[in-house]
Each structure stands twice: as C-alpha cells, then as structure tokens.
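Note sheet for the following structure.
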Amino acid sequence: NQPGINLTFRRNRIHSGKAVGVCVCENGLAVLEENDIYNNKLAGVEIKTGGDPALYRNRIHDGIDSGVFVHEHGKGTLEENEIFQNTAAGVQIATFGAPTLSKNNIHDGKESGVYVFDEGCGLLEGNDIGNNAAVGIEVRSGGNPVVKSNQIHDSKAGVYVNDSGLGRFEDNDIFDHASAGVDIRT
C-alpha cells in the first residue's frame, strides 16, 4: 500500500456504468488494487484536478471510451495493470496530466495504446505496449512525455509524433509494425 492513503478498493468489479468507472479528482487519493474495471461508457478510470491515485494490478478493459484518462493536472501511479480492448486509447494523457506508468501491459486497443496531447506529460517506463489498431504511442499538440525502456510492438505504427509534439524517448524496443517504427511530422 501507498503510505498516507487509507482508502483502498481491492478485488472489486466496477462495470457497465453510464459514465466513468472510477473518478479520482479534486486532489483525491486512493489505492485501486486487483480490480476488474470494464464496459463503462466513459473512461474506465479518470484522474483529474490534482487526483493522485495508485493503481496496482487492475484489469481495465472493454470500455466504450479510453481505459485511463489523466488530465487537468491529474497525476497517479499505474503499475502492473492490464489495459486492453478499449475503444479509444488505452491511456490518454492531456492538459497537464502527469502520471507515472510502469510495467503495464497496454494491448489490443481499437486506437492507440497511449495518446499524449494538449500539454500532457508524464513518465512511461518498462511498459509492454502492443497489438493496438493504430499507434503504440502517439504524441501531439504539445504533449511531452518521457518514454524509457518500453516494448512498443505489433501496431500500425510504433511511435507517431505530430503537430508540435515533444518528448524524450530512451532505451525503447520498437519493433514489428505495419508501417513506420517511428514517424515524426510537423
């Protein structure tokens, strides 16, 4: 457990909601561990306005929108989660969202694995990002993540940086894509 956090959700099924599955906002803190979060109309987990949860070993899947959406100065630590088969990106990071993602498996999404845009940032380290219909990691519109030691594979393209996207990419293994491993434009 994370020190100082006394609110824990463990081994719950959170599903079929007409909005988000879990929303951590307004500087909220919580630990979400080993939950099955699925089939929600909006994001499986939304983190915003200073929310800073710790997500460990959850399954976040089959959402009608993104798996995890971090924005409006949201933070969060996501470790060893399986994020898959969501309609939008597995993880979206925007408007000064700054999560830390490590050792997650982000796969089989209907769009990008991770989409960072509109001044989103954060650290992606040691994740397995693969088999997504669009791009493994897409960065645009001032997005500026640090991407280190990830496996990015088997998607339409590996890394796509466009429209004033930024970032630092180090020690990643980018392989087996239908088109470019790395595509940088405008």
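The values are calculated or read from the model by the stated rules, or taken from the named source; none is laboratory data. Predicted model only: the values in this text are computed from it and were never measured. Reconstructed Cβ throughout: ideal geometry from the backbone, glycine too, with neighbour counts over all protein chains shown. Areas reflect the complete protein model, heavy atoms only, side chains present, ligands, DNA and RNA absent. Shrake-Rupley method; radii C 1.70, N 1.55, O 1.52, S 1.80 Å.
Every condition in (1) touching a His at 6+ places or on another chain (Cβ under 9 Å); (2) open to solvent by 50 Å² or more (accessible area, probe 1.4 Å); (3) at negative phi holds for residue 62 except the one numbered (3). Quick one: would you say residue 87 is touching a residue at least 24 places away in the same chain (Cβ under 8 Å), of a type in the set (Ser, Thr, Tyr) and on the phi > 0 side of the Ramachandran plot? Answer is no for this residue. Against the numbered list (1) without any contact (Cβ under 8 Å) to a residue 40 or more places away in the chain; (2) aliphatic (A, V, I, L, M); (3) buried (at least 20 other Cβ atoms within 10 Å of the Cβ), residue 70 comes up short only at (1). Here is the figure for segment 76-130: residues that are of a type in the set (Phe, Trp, Tyr) and surrounded by 24 or more Cβ atoms within 10 Å (Cβ to Cβ) total 1. All of (1) open to solvent by less than 10 Å² (accessible area, probe 1.4 Å); (2) modelled with pLDDT under 95 hold for residue 5 with one exception: (1).
Close contacts from segment 6-26, counting a first residue that is charged (D, E, K, R) and a second that is assigned to a strand (DSSP E or B) and at pLDDT 95 or above, with Cβ to Cβ under 9 Å and a gap of 6+ residues or different chains, come to 10/31; 10/32; 10/33; 11/33; 11/36; 13/36; 13/37; 13/38. Tell me yes or no: at least one residue of segment 29-37 is over 14 Å from residue 81 (Cβ atoms), open to solvent by 40 Å² or more (accessible area, probe 1.4 Å) and more than 17 Å from the chain's Cα centre (by Cα). Within segment 29-37, one or more residues are over 14 Å from residue 81 (Cβ atoms), open to solvent by 40 Å² or more (accessible area, probe 1.4 Å) and more than 17 Å from the chain's Cα centre (by Cα).
Inside segment 81-124, residues that are under 16 Å from residue 38 (Cα atoms) and of a type in the set (A, V, I, L, M, F, W, C) make up a count of 6. Scanning segment 145-154 for residues that are more than 14 Å from residue 181 (Cα to Cα), under 15 Å from the mean Cα position of the chain (by Cα), of a type outside the set (D, E, K, R) and surrounded by fewer than 17 Cβ atoms within 10 Å (Cβ to Cβ) turns up just one, 146. Select from segment 155-186 the residues that are within 19 Å of residue 103 (Cα to Cα), outside any strand (DSSP E or B) and open to solvent by less than 60 Å² (accessible area, probe 1.4 Å) and list them in ascending order. Within segment 155-186, 155, 172 qualify. Close contacts from segment 131-143, counting a first residue that is crowded, with 18+ Cβ neighbours inside 10 Å and a second that is among the polar types (S, T, N, Q) and assigned to a strand (DSSP E or B), with Cβ to Cβ under 7 Å and a gap of 6+ residues or different chains, come to 140/162.
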